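Let me begin by presenting the structure, written as structure tokens, before commenting on it.
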Amino acid sequence: MNGNPIRIGTRDSILATWQARYVLNHLSRAGYKADLRFIKTEGDRVLDTPLPLMGGKGVFTKALDDALLAGEIDLAVHSLKDIPTRLPDGLAIGAVSEREDTADVLVTRNAAIRYLSENTAAGQTPNTPEASIPLPDFLSNIRHDAVIASSSNRRIGQWLSRYPMHQMTDIRGNIQTRLRKLAESNWDGAIFAAAGLIRLELDRLITHRIEWMLPAPAQGAMAVMIREDDSRIRDATQQINDPVTALCTSIERDVLHDLEGGCSAPVGALAVADRKRIHLRVNTVYPDGTGLVEFELEEAVNRAHDLGKRAAEEALRCGVDVLIRDLRGRVKTEHMAQTPGARDGSGTGPDSDSGTGPDSDSGTGSDSDSGSDSDPGSHTGPDSDSDTGLQHTMVSSESAAEKTRFVLSTRLAKSEDVALAGKHGIRLIDYPAWIYRWVTPSSGVIGSVLHGPSAGSKPHAWVFTSRRGVEGWWRVLQQKNRSRADVYDVIPPIYAVGEATADALHKTLAPDEIRVPKGGDGASLGERLAADGIRHAVHFCGAERRKELADVCRKCNITLTEVELYQRRAVIRPKPLNVAFDAIFFYSPDGVSEFCRIYGVPAGKWHAVAIGKTTAEAVRRETGRDPLIPPTPTFEEMIKRVS
């Protein structure tokens, strides 16, 4: 095509050059002349300073941005995850490439040594496949002395939430430099983005795909930066643009932008297009592995343009603003392993990414104080990593202020619980007695609930005895693409046990009226149904539930349909109870027994806090301690009792 050659600006690392040549080749095939212009950035020159101290990942893009604005180049090629969400005036993202593998992966020291020996012996990296690298023991046995290298707050926090006894150490440089540093260290492994290794044909070095780790927003995609008013280059770059990847990554970047976290914030986000729908997962976590908040949203593709903004709003409702504010301004992460404790790690700190249960007192769980089916208190749901019981775990109290109190929670803390505790100077550490997983009812059951019972059995009602029951049913409606407006015509009278359950209903279904019977238990609820003339009720509950509601309904000739939405499971691979703490929160008698069975009775000075009297009796029986009891059986009152 006519016109001057398109000048492509790029850093001079091997991966950056690969990405620039990818764009050059696409332009050439479309008939455009193009050449590469190499530009050194501050991030390439300074390798001994954590990126937050240098201003974040913008240090990799600023020199190219300046050259673009000065007219020295026509476009710049970047990893999209490295581009700040606030673009410089006059610049725009002209195209987003088709996405490579989004996963983070572990490369062990043995794999890095193999790479180093290959390069030393042959002078270059061979492309022939090698035998698979065995999975290291520390991934299954949680060794105390495993050291993992990463310069990403996001990766560090998520890794420590799963492996709380591991130490983390900082590592900087391009892929080849990091592999060399790993090989020459006595660390156990380092975390890389799969995309970079695949593009450089080094994927044979991947020891383990970290499937449970959420990637950085836009990880795996390349972006072409152009001048905003340069229509010629914008038209040319459409040869590279992939609309699906562009949509998904823009949603992920909207999350980061609206949280005002910056590229170094420990925010994971992944949007996946599946036919006509976009599925978005988001999480945030402190770099010490505590305070993990994770949730999912789903929307039709034609309505997904603001999905990232909605996700950010949800994250802020979950208290993520507390985490962002806490980390903003920090220039060093105190949990990072220090030399020599990190075994030759640099220890320099964070770098960027290059209610209640069926066993609770406040509901009617199978072992609760008040006799109704209550909320399991697990935020993450069945697709989370919670089946390991290793979320929110803290390895050291050094990173918190002196007045912070550390409390073990015998259920997985909900995100709002984490935020509430933080406002009172309390850091929750999960040591759950149980793990919960979602259950999706059959289409027939869902249809019968939405369309109501037969005419002869009306009037009927929906009954919720826990926050988890509310969340589970709302989750089902979202999966079926049912909005609040869609179900308003079919919502019958709604009954709720407890103010926490009613509050959850206000935030989801938002009915005009919620009937909360006095007494706060299953028997009182059944009596209220009978007094109101209800002949058929649908109970949204868990697999384990108390029988009081069913017994009263049976005596009063009320047909009770139970819709199971979650199940309780035993904790798999419990972690060692070897952290410093000030108190333990117990939510049910059965939870007390199970916690003591799994973890034993901790020694030392600590306070037991029991949500109710029956749980308090179990604490005395199992631990020999006299617990603190809040005036009312709520999590907020438990927090106040400690603070």
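Quick rundown of the values:
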{"item": "Positions within the range 503-529 being of a type outside the set (Lys, Arg), open to solvent by 20 Å² or more (accessible area, probe 1.4 Å), in a helix (DSSP H, G or I) and closer than 11 Å to LEU549 by Cα, in sequence order", "result": "ALA523, SER524, GLU527"}
{"item": "Test: SER448 is modelled with pLDDT under 85 and surrounded by 14 or more Cβ atoms within 10 Å (Cβ to Cβ)", "result": "yes"}
{"item": "Some residue of the range 544-559 being assigned to a loop (DSSP other than H, G, I, E, B), of a type in the set (S, T, N, Q) and open to solvent by 20 Å² or more (accessible area, probe 1.4 Å)", "result": "yes"}
{"item": "Unique match (being modelled with pLDDT of 95 or more, open to solvent by 20 Å² or more (accessible area, probe 1.4 Å) and of a type outside the set (Gly, Ala, Ser)) among ARG204, ARG275, ARG209, ARG253", "result": "ARG253"}
{"item": "Every residue from the range 633-643 that is under 17 Å from ARG411 (Cα atoms) and in a loop (DSSP other than H, G, I, E, B)", "result": "PRO633, THR634"}
{"item": "In the range 577-632, residue modelled with the lowest pLDDT [restricted to those that are assigned to a loop (DSSP other than H, G, I, E, B) and among the aliphatic types (A, V, I, L, M)]", "result": "VAL579"}
{"item": "Among (1) in a strand (DSSP E or B); (2) open to solvent by 10 Å² or more (accessible area, probe 1.4 Å) - the single one PHE540 does not satisfy", "result": "(2)"}
{"item": "Looking only at the range 451-471, and only at residues there that are among the hydrophobic types (A, V, I, L, M, F, W, C) and at pLDDT 85 or above, the one that is surrounded by the most Cβ atoms within 10 Å (Cβ to Cβ)", "result": "VAL463"}
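The values are calculated or read from the model by the stated rules, or taken from the named source; none is laboratory data. Computed from a predicted structure; not experimentally measured. Note that each Cβ is placed from the backbone with ideal geometry, even for glycine, and that neighbours are counted across all protein chains shown. Surface areas here come from the heavy atoms of the whole protein model, side chains and all, with no ligands, DNA or RNA. Shrake-Rupley method; radii C 1.70, N 1.55, O 1.52, S 1.80 Å.
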